[in-house]
């Protein structure tokens, strides 16, 4: 992990097209501004983790459920 020290209104650049700027420091909170291309998803880590968990659960379809739908389709 790279650790950087930045002051208010200072930035870091990731790659050629992502800029992260310190926009405010209030007590123990730091507010970040993120400039990135629209095609790049930017999420808080807990949201990203929740999305990954949901995607993983959705991809584990019960085979019995699929067989049930297959049987219903074949009856039509």
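Key figures for this structure:
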| quantity | calculated |
| --- | --- |
| Average projected area [Cα convex hull, the chain], square nanometres | 9.3 |
| Acute angle (nearest 10 degrees) that the helix 63-75 long axis makes with the longest principal axis of the chain, alpha-carbon atoms | 50 |
| Relative contact order of region 11-75, defined on C-alpha pairs under 8 angstrom at six or more residues apart (%) | 18 |
| Helix-only [θ]222 nm of the chain, DSSP H runs n ≥ 4, -39500 (n - 2.57) each, per residue, nearest 500 | -12000 deg cm²/dmol |
| Distance between modelled label sites at residue 31 and residue 62, nm, 7 Å Cα→Cβ extension | 4.7 |
| FRET efficiency estimate (nearest 0.05) - Cβ-Cβ, residue 17 to residue 70, R0 35 angstrom | 0.15 |
| Extended-chain gain in nm, criterion 0.36 nm per residue less alpha-carbon gap, residue 7 and residue 49 | 12.2 nm |
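Every number in this text was worked out from the coordinates using simple rules, so none of it is lab data. These numbers come from a predicted model, not from an experiment. No Cβ is skipped: glycine too gets one built from the backbone with ideal geometry, and neighbour counts run over all protein chains shown.
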